[in-house]
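Engineer: Dropping the structure in here first, questions after.
The values are calculated or read from the model by the stated rules, or taken from the named source; none is laboratory data. From a predicted model like this one, the values you see are computed outputs, not experimental measurements. Cβ sites come from the backbone with ideal geometry, for glycine too, and all protein chains shown count toward neighbours.
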Amino acid sequence: MTAADEPAGSTAFVTSREQELADTFVMLADSLVEDYDIVDLLDRLAVACVRLLGVSAAGLLLIDQEGHLAVVASSSEETRLLEIFQLQNDQGPCLECVRTGAAVVSGDLDADRVRWPLFAPFALGAGFRSVAALPLRLRDQTIGGLNLFGGRAVPVSPQDQRLAQALADVATIGILQQRSVKASGMLAEHLQRALNSRVVIEQARGVLAERSKVSMVEAFSVLRQYSRDHNLKLTDLAEAVVHQGFNPAFGPGRPPVT
């Protein structure tokens, strides 16, 4: 296709995508030099993958201190439940991806029911038809996986797979290179803290949903937006909601600090 054949507005779309891609890499690179919240970083990565790659949803898993995978970020509630389903049933593309350290791709989950007899029907029931799982890795060390889910039976293109892997690689470097991580034992503790933070965030979602009479999805949206608008770590905000009674849906300004 020539430039003349491209649909109107396509140049603006490409420019916008390139700008957002650059912004995403800058956001991930900031983790190399600044104190940051792993949960918030990976949450932003999941949302960015949906916008940049044209997939329906994205989720991320990390390995905890016991060597087990745990959900740490997702772009939607449906994705979070699907990731949990994988873990509970010990079956799915992301588990294979983390175990092998290589990408696992299915362009048509309906055709992969034999490969994943539990996962495939559950994913199809959630409205997903394809998946690409990419490792969070640095050389021979894999610390988690990135899942990309599509609503159509179309595989993620090789170009977009390479782009997603590049984003995952930068995020991995940021996690591994944080100043406090100097040994494998400390790394395990570091990742465990991130997973513990996720527990607090889930508690804050429930508390906020109950107090404000909104859905869990809306509650998380409020938390995420408030943390970004006020330059707060998502974990710190969640702690204030759970332990200090702060309500970001109604309380102006920053939450109390202990």
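Engineer: For region 47-60, give me each residue that is surrounded by fewer than 23 Cβ atoms within 10 Å (Cβ to Cβ), at pLDDT 90 or above and under 12 Å from the mean Cα position of the chain (by Cα).
Structural biologist: V50
Engineer: Here's something else I'd like to know. Would you point out the residue of region 61-77, among those that are surrounded by fewer than 22 Cβ atoms within 10 Å (Cβ to Cβ) and part of a loop (DSSP other than H, G, I, E, B), that is farthest from the chain's Cα centre (by Cα)?
Structural biologist: Filtering first and then ranking leaves E66.
Engineer: Applying the selection to region 172-225, what residues are over 24 Å from L81 (Cα atoms) and either modelled with pLDDT of 85 or more or among the β-branched types (V, I, T) (or both)? Don't jump to the end; show me each part of the working.
Structural biologist: Quick first cut of region 172-225, residues over 24 Å from L81 (Cα atoms) only: 173-190.
Passing the criteria: I173, I175, V181.
Engineer: I'd like the residue in region 106-162 that is aliphatic (A, V, I, L, M) and under 15 Å from C49 (Cα atoms) and, out of all such residues, is modelled with the lowest pLDDT. Spell out how you get there, then give the answer.
Structural biologist: Filtering region 106-162 down to residues aliphatic (A, V, I, L, M) leaves 109, 111, 114, 118, 120, 123-124, 126, 131-134, 136, 138, 143, 146, 148, 153-154, 156.
Keeping just the survivors that are under 15 Å from C49 (Cα atoms) gives 131-134, 136, 146, 148, 156.
Values: V131: 97, A132: 96, A133: 96, L134: 96, L136: 94, L146: 95, L148: 96, V156: 91.
Top of the filtered list is V156.
Engineer: Of the residues in region 152-165, how many are closer than 18 Å to R44 by Cα and part of a loop (DSSP other than H, G, I, E, B)?
Structural biologist: 0
Engineer: Could you give every pair whose Cβ atoms fall below 9 Å, whose first residue belongs to region 75-104 and is touching a residue at least 24 places away in the same chain (Cβ under 8 Å) and under 15 Å from V55 (Cβ atoms), and whose second residue is crowded, with 21+ Cβ neighbours inside 10 Å and acidic (D, E), counting only separations of at least 6 or pairs across chains?
Structural biologist: S75/D43; C94/E83
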